Amino acid sequence: MSCCDAGAMRVQDALTTMLAQIAPVQAFMTVPLATAQGHILAENVLSPLNMPPFDNSAMDGYAFRFAEWQDGCAMPVAGTALAGQPFSGEIPVGACLRIMTGAQVPDGLDSVIMQEQTAQTLEGVLFTQPPKAKANIRYLGEEIRTGDVVLKAGSRLHARALPLLATLGLPELKVVRRLKVAIFSTGDELKVPGTALQDGEIYDSNRYGIEAMLNRMGIECLNYGIIPDDPAQLRDTFIQAAQEADAIITSGGVSVGEADYTKDLLLELGEVGFWSVAMKPGKPFAFGSIRNKHFFGLPGNPVSAFVTFYQLVQPALRKLAGEISVSPLRIPAIAEHHFRSAKNRVDFQRGVISVNAEGQISVRSTGAQGSGMFTSLCAANCFVIVEKEVTVGEIVTIELFNEIVS
Ligand SMILES: Nc1nc2c(c(=O)[nH]1)N[C@H]1C(S)=C(S)[C@@H](COP(=O)(O)OP(=O)(O)OC[C@H]3O[C@@H](n4cnc5c(N)ncnc54)[C@H](O)[C@@H]3O)O[C@H]1N2
Ligand code: MOO
């Protein structure tokens, strides 16, 4: 595996290595459409219907046979068709049908004119503009044919997918069962917000961001809280987590400090995949397994934990959950600042994009980028991916934040 920065693995290699070792869970369940949000489809969804299911009017107006229209001649109105109330009578030659949006267009009528382009006369309806043949009709099956694949296995059921499935009348879906992921923070210095701090203590922030992102990914989070830097307690927690969860995420204790026990426990209870990635923040990121459950060791520094979860753990968990892989949206932007690069590491700085009056996309930094400075992340709407120094006005690649952090 290619490495850089004293043995750190390149970001892309780290991703490739993890994804190669992760197989999607093979456990499925059926969920009602009403509660399907966030689940991953276990199988292709085939349409049971044509969509639209019948020819219908796209406008409130008048349906008629185009060949029978004569400029300047009014058309008598033979009846009315409403949405849900089709017209079943005869429409004599030269006559038209009052029709509302969504109402079925009777066989034989081939065009609709919108009512704003008509006038009422004693003889019937006069078209004030020349009509167009076949206009304003939504034809049976023009969008979807019965049997078409409308969503592929591995699709996430988000707010755009659910109404599509409802349109097709599907009351329930076969989905992958929700992943369970265990998280805990390690460190004697950590306290839960709401408790008083003693000298040298800080509040645990990492679990709050990780749990929020897991929730947005539709993953059940088993939150074991703060575990002190005590090898016996850490060991017990790892064993419990491996029994209860599909994957384990920790923060802290992956560096080279004297209280960093994670590596030894991983060697004892499982396997170490890799231990260092050439990214900033987040170089001390660990991947491995504990009793055959995937393990992700996030660095303790809060921004590093958040960024490594987003960039490395998110795609890994998406694969484990059976989701189709989607590349992050990366686009070029004009640098509003000088962005310094990190030696031998890809720097995932935090920025704010804006679009000027000419439509040019530019990006500014959110300020100081220390890996303990969460303000740099909270204010951002994108990553600024700095691989080499970028000066003002040069092009830099940005990655827009996705829905799990918004
Ligand atoms: N000699 C070296 N020291 C450090 C290196 C290194 O390569 N050589 N790497 C630095 C980098 S980069 C990072 S990131 C950290 C990662 O260290 P750990 O994962 O072992 O994390 P800790 O030492 O436990 O904590 C680091 C830092 O973050 C605070 N922290 C930890 N957990 C939380 C939490 N849940 N919420 C808020 N803050 C947390 C902790 O108090 C420390 O300040 O190592 C560097 N050192
Ligand atoms: O990589 Mo550390 O995660 O720079 O703070």
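Which order results if T262, T80 are arranged by neighbouring Cβ count within 10 Å, fewest first?
T80, T262
Tell me the Rg and the Dmax, in Å, that the Cα atoms of region 255-406 produce.
17.0, 59
Please give me, ordered by residue number, the trypsin sites (Lys or Arg not before Pro) of region 336-366 that lie in loop per DSSP and have at most 10 other Cβ atoms within 10 Å.
K343
Can you put M279, M18 in order, fewest other beta carbons within 10 Å first?
Starting with the residue having the fewest Cβ neighbours, the order is M18, M279.
Let me check I have the definition right: for the chain, take the eigenvalues of the Cα gyration tensor, multiply each by 5, take square roots. What are those semi-axes in whole Å, largest first?
59, 26, 17
Expressed as a rounded percentage, what relative contact order does the chain have, with Cα pairs under 8 Å and six or more residues apart?
RCO, the chain: 16 percent.
Using a cut-off of 10 Å between beta-carbons, work out the net charge of the residues near G351 (Lys and Arg +1, Asp and Glu -1, G351 not included).
Charge balance in the 10 Å sphere: 0.
Would you mind checking the tilt of helix 206-216 against the longest principal axis of the Cα atoms of the chain, expressed as 0 to 90 degrees and rounded to 10?
Computed tilt is about 20 degrees.
With a cap of 10 neighbouring Cβ atoms within 10 Å, and only residues DSSP puts in a loop, list the GluC sites (Glu not before Pro) found in region 103-157.
Filter output for region 103-157: E123.
Which trypsin sites (Lys or Arg not before Pro) in region 202-264 pass both tests, a DSSP loop state and at most 11 other beta-carbon atoms within 10 Å?
Counting only loop positions with at most 11 other Cβ atoms within 10 Å, none of the trypsin sites (Lys or Arg not before Pro) in region 202-264 qualifies.
Considering Cα pairs under 8 angstrom that are at least six residues apart, work out the relative contact order of region 56-138 and quote it in whole percent.
This gives 41 percent for region 56-138.
Straight distance only, please: which lysines reach the Cα of K283 with their own Cα at less than 29 Å, same-chain residues fewer than 8 apart left out?
K180, K191, K263, K293, K319, K343, K388
Rg (Å, one decimal) plus Dmax (Å, integer) for the alpha carbons of region 316-388?
Values for region 316-388 (Cα only, Rg and Dmax): 14.4, 43 Å.
When the chain is treated as a GNM, springs tying every alpha-carbon pair under 10 Å, which of T308, T186, T167 comes out with the largest mean-square fluctuation?
The residue with the greatest mean-square fluctuation here is T167.
Counting other beta carbons within 10 Å of each residue's own, what order do L269, L317 fall into, fewest first?
Ordered from fewest to most neighbouring Cβ atoms within 10 Å, L269, L317 come out as L269, L317.
Out of the DSSP beta bridges found with both residues in the chain, what percent are antiparallel (nearest 5)?
So the antiparallel bridges in the chain amount to around 70 percent.
Taking only Cα atoms, what is the 0 to 90° angle, nearest 10, from helix 231-244's long axis to the longest principal axis of the chain?
Helix 231-244 and the main axis of the chain meet at about 30 degrees.
Report, to the nearest 10°, how far helix 11-21 tilts away from the longest principal axis of the Cα atoms in the chain, using its own Cα long axis and a range of 0 to 90°.
Long axis of 11-21 versus the principal axis of the chain: about 80 degrees.
Cα centroid distance between region 214-257 and region 1-65, in Å?
Cα centres, region 214-257 to region 1-65: 29 Å.
With only alpha-carbon atoms counted, please give the Rg and Dmax of region 56-138, in Å.
Values for region 56-138 (Cα only, Rg and Dmax): 11.1, 32 Å.
Which one of R145, R178, R156 has the biggest mean-square fluctuation once the chain is modelled by GNM with Cα springs under 10 Å?
Sorting by GNM fluctuation, first place goes to R145.
How many angstrom lie between the Cα centre of region 75-121 and the Cα centre of region 294-314?
62 Å
So what's the back-of-envelope 222 nm ellipticity for the chain, counting only DSSP H runs of four-plus at -39500 (n - 2.57) apiece and dividing by all residues, rounded to 500?
-4500 deg cm²/dmol
Every number here is computed from the coordinates shown, using simple stated rules; none is lab data. All figures in this text were calculated on a predicted structure; none of them were measured in a lab. Methodologically, a virtual Cβ is constructed for each residue, glycine included, from the backbone with ideal geometry; neighbour enumeration extends over all protein chains shown.
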